[in-house]
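Just so it is clear, none of the values below were taken in a lab; they were calculated from the coordinates. Quick caveat: nothing in here was measured; it's all calculated off a predicted structure. Glycine also receives a Cβ, built like all others from the backbone with ideal geometry; neighbour counts cover every protein chain displayed.
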Amino acid sequence: MSFLKRLYFFLFGLGLVLIILVFITNKKGTKFNYMPNKRVVNDIYKKKWIFNDSNNKISKEDFITNFDVDFSLSNVKLDSCKIYYVHHKREKFNVINCEKKALFKKIN
């Protein structure tokens, strides 16, 4: 069998497996959080949220899609609860991320 035929068979099988893998992961709702920003946002998303001011509530869907973490302004070297600076356009929060809850403090 020539090299080109083997290459075609390999690429066909690889494409088929990738298509099946995409369908399986979409059904399960799997998220691939490889970047540090997405991992922190996803970790905060899973916890119980407590807001310092009741007027500053945000939706969880808006938080996971639009907010970013600025690690240069965050304090992640704490042992108990890490403090993250989270922002989106005009909204800025300091999030105290503990083991079971996340406390949001609005920054003016």
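Things to note:
- Of the set (1) surrounded by 10 or more Cβ atoms within 10 Å (Cβ to Cβ); (2) free of Cβ contacts under 8 Å to residues at least 24 places away in the same chain; (3) under 11 Å from the mean Cα position of the chain (by Cα), all apply to Tyr34 but (1).
- Among the residues making up the range 97-108, those that are surrounded by fewer than 16 Cβ atoms within 10 Å (Cβ to Cβ) and within 17 Å of Asn42 (Cβ to Cβ) are Cys98, Glu99, Lys100, Lys101.
- Taking helices (runs of 4 or more DSSP H) as the structural unit, those lying wholly within the range 1-87 and holding at least 2 residues that are touching a helix residue (DSSP H, G or I) at 6+ places or on another chain (Cβ under 8 Å) correspond to 36-45, 60-66.
- Subset of the range 33-55 [closer than 23 Å to Glu99 by Cβ and in contact with a strand residue (DSSP E or B) (Cβ under 8 Å, 6 or more places away or on another chain)]: Pro36, Asn37, Val40, Val41, Asp43, Ile44, Lys47, Lys48, Trp49, Ile50, Phe51, Asn52
- Scope the range 57-108; condition on the phi > 0 side of the Ramachandran plot and within 17 Å of the chain's Cα centre (by Cα); matching residues: none
- Checking every residue in the range 85-96 against the condition of being among the aromatic types (Phe, Trp, Tyr) and surrounded by 12 or more Cβ atoms within 10 Å (Cβ to Cβ) gives at least one match.
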